[in-house]
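Below is one structure, written out as structure tokens, with a few remarks after it.
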């Protein structure tokens, strides 16, 4: 009866049931053999002596753990692992403007007011004023001369990273020469185009040839140059539109006459 109960409850293998006590006593003298036999018996009996309910419960717990374990791509990434998008050029430029000194920023904005107000006022009124256009050319020439001479002030100090050599000092005289030439022309269109060329040359010098300028200054120079160029080109466009209107009205008057 006892072997039958042991067979049903503990599920011991047939080989272990045949292993009787006298045979085990034979190995008692040798400790090494007995310990190896005990390890073998423990390895063979323990997995089989577990009740079926425990095996089912362990499998179910393993399945639950697998279900509640999130996959690697569903896990929330740490800031180090997440890909940080690099900001664009425009965003970085706007952020660098915040580092500019307030006097330099405000004075630069104030200096652009005449460039914006002159073509804007003529466009609102719908009339081209040659006096205002010539005043804008004069103001543009003064601004170009200031931008050219600024390199002298940057290169002359002893601790300046820019050397007072022929390249830096001679290039600073080119924009004022263009500005003087623009004032000698009688046509506003030619004068405006000359000033646009001078502004482009000065911007090239400040951005490319002198990389030691701070970033905020370079961004300020780019923004200011774009505003001045668009203002001069808008003035030229208003002048051309005014001439077309005058020519059209003259032709209509001659045809009616």
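Only the coordinates and a few stated rules stand behind these numbers; no lab work does. Everything numeric here is computed off the predicted structure, so don't read it as measured data. Methodologically, a virtual Cβ is constructed for each residue, glycine included, from the backbone with ideal geometry; neighbour enumeration extends over all protein chains shown.
The table for this structure:
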quantity	calculated
Neighbour-count ranking [beta-carbon atoms within 10 angstrom, fewest first] of 95, 252	252, 95
Anisotropy class of the stretch 177-257 from Cα gyration tensor, a/c 1.5 cut	prolate
225, 173, 235, 189 arranged by Cβ crowding within 10 Å, fewest neighbours leading	173, 189, 225, 235
Residues 136, 183, sorted so that the one with the fewest Cβ neighbours within 10 Å comes first	183, 136
Cα coordinate range in the stretch 195-239, projected on the principal axes (Å, largest first)	40, 17, 8
Length-normalised contact order of the stretch 90-256 in % [C-alpha pairs under 8 Å, at least 6 apart]	29
Expected-Rg normalisation [2.2 N^0.38 Å, Cα atoms] applied to the stretch 90-256	1.22
